[in-house]
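Every read-out reported here was derived from the displayed coordinates using simple, explicitly stated rules and does not represent laboratory data. Treat the numbers as computed from the prediction; the structure is a model and nothing was measured. Positions of Cβ are generated from backbone atoms using ideal geometry, with glycine treated the same way; all protein chains shown enter the neighbour counts.
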Amino acid sequence: MISTPWESASGLYKLLVIGSMSISGLGIILALFGANTTNRPLMYTAVAIILLGLLTHVAGLVVRSRDVKVYRQQHPPTPKQNPGR
């Protein structure tokens, strides 16, 4: 792989990570707004939005692990030689 996971990540993974952060951030903002205005339905909706963000994050982890598995199959690790032994 390249030096950082983000550089070698697939477009789908990047989309899921950015989407997850955006959805979760929106949920947190709505939860704070709902808590300050004592709007219970908004707070419960915000919790559902945060859960959707977490599920999106898990989907990103699944995609990332799939990408790593494919990379490892295409580039198997080579055993290191110990010349001192």
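So here's what we get for this one:
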| quantity | calculated |
| --- | --- |
| Theoretical ellipticity at 222 nm over the chain - DSSP helices of four or more residues, -39500 (n - 2.57) apiece, nearest 500 | -26500 deg cm²/dmol |
| Reported label for calculated Rg and Dmax of the Cα atoms in Å given (1) 18.3, 56; (2) 29.0, 115; (3) 20.0, 71 | (3) |
| 0 to 90° range, to nearest 10: angle between helix 40-74 axis and the chain longest Cα axis | 10 |
| On Cα atoms only, tilt of 11-36 relative to the major axis of the chain in degrees | 30 |
| Residues in segment 8-33 that a label on VAL58 would reach, taking backbone N under 16 Å of a point 7 Å out along Cα→Cβ | 17, 20-21, 24 |
